[in-house]
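Peer 1: Once you've had a glance at the structure underneath, I'll fire off some questions.
Just so you know, all these numbers are worked out from the coordinates, no wet-lab data involved. As the structure is a computational prediction, the values presented were derived from the model and not from experiment. Don't worry about glycine lacking a Cβ; one is built from the backbone with ideal geometry, like all the others, and counts go over all protein chains shown.
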Amino acid sequence: MLDEIFIAIIAFLGLIVGYIVSWNAKEELKPGRKYFLLLKNALVVLLFLVLIYFNFNLVALIVGLVIGYFLRFYYIYLGFVVGSGFLVNQGLLFSLLVFLFGLSYSSLERFNVNKVILSLVLFFIAFFVVLFYPYEFFISFSAGALLWRLK
């Protein structure tokens with residue numbers, strides 16, 4: 001259990017590391033914005049495909065699509081992704097994808113401390129929900145919810 005929590009912390013740190021890098025390299029962000037957007041969208045598609053590969057549940061996918069339309073916080077779904085990764089023994093893979101997503105996402109969005117704290121709280125609430133209630137429903141649910149994040 002402690003290993004999973006440390007891996008989840010490292011996955012979330014992608015957001016913070018990306019913010020620090022983007023804060024220190026402001027002049028490179030504008031010309032590289034299209035590449036960060038391409039990387040973010042590619043990671044969302046890759047996450048979707050990986051999640052569907054490990055568990056395809058049409059009902060959960062549709063529920064995720066509907067809820068993802070109304071609830072637009074990436075990190076609640078990414079918390080489900082990291083937690084679900086441990087259900088299918090792919091926690092490191094899912095966490096790596098979330099870490100990379102955080103790097104690209106934080107370079108595209110403007111963050112303040114409150115938004116980072118909200119993302120942290122939502123991420124770990126979702127993560128612990130999956131750890132303590134390990135239903136594979138969350139895998140397809142988070143895949144569906146993440147599809148709304150493509151731009």
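Peer 1: Among the residues of segment 119-132, how many are surrounded by 15 or more Cβ atoms within 10 Å (Cβ to Cβ) and either closer than 27 Å to residue 31 by Cα or not β-branched (Val, Ile, Thr) (or both)?
Peer 2: Final tally of qualifying residues: 9.
Peer 1: Moving on. Looking at (1) under 19 Å from the mean Cα position of the chain (by Cα); (2) more than 22 Å from residue 140 (Cβ to Cβ); (3) surrounded by fewer than 20 Cβ atoms within 10 Å (Cβ to Cβ), which is the one condition that is false for residue 2?
Peer 2: Against the list (1) under 19 Å from the mean Cα position of the chain (by Cα); (2) more than 22 Å from residue 140 (Cβ to Cβ); (3) surrounded by fewer than 20 Cβ atoms within 10 Å (Cβ to Cβ), residue 2 comes up short only on (1).
Matching residues to (1) within 19 Å of residue 129 (Cα to Cα); (2) surrounded by 13 or more Cβ atoms within 10 Å (Cβ to Cβ):
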position	(1), (2)
12	yes, yes
16	no, yes
30	no, no
44	no, yes
84	yes, yes
92	yes, yes
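Peer 1: A further question on this structure: Just need a number here: residues in segment 122-142 that are part of a helix (DSSP H, G or I), under 15 Å from residue 87 (Cα atoms) and not β-branched (Val, Ile, Thr).
Peer 2: Adding up the residues that qualify gives 10.
Peer 1: Picking from 69, 77, which residue would you name as being on the phi < 0 side of the Ramachandran plot, part of a helix (DSSP H, G or I) and buried (at least 24 other Cβ atoms within 10 Å of the Cβ)?
Peer 2: Sole residue among the options that is on the phi < 0 side of the Ramachandran plot, part of a helix (DSSP H, G or I) and buried (at least 24 other Cβ atoms within 10 Å of the Cβ): 77.
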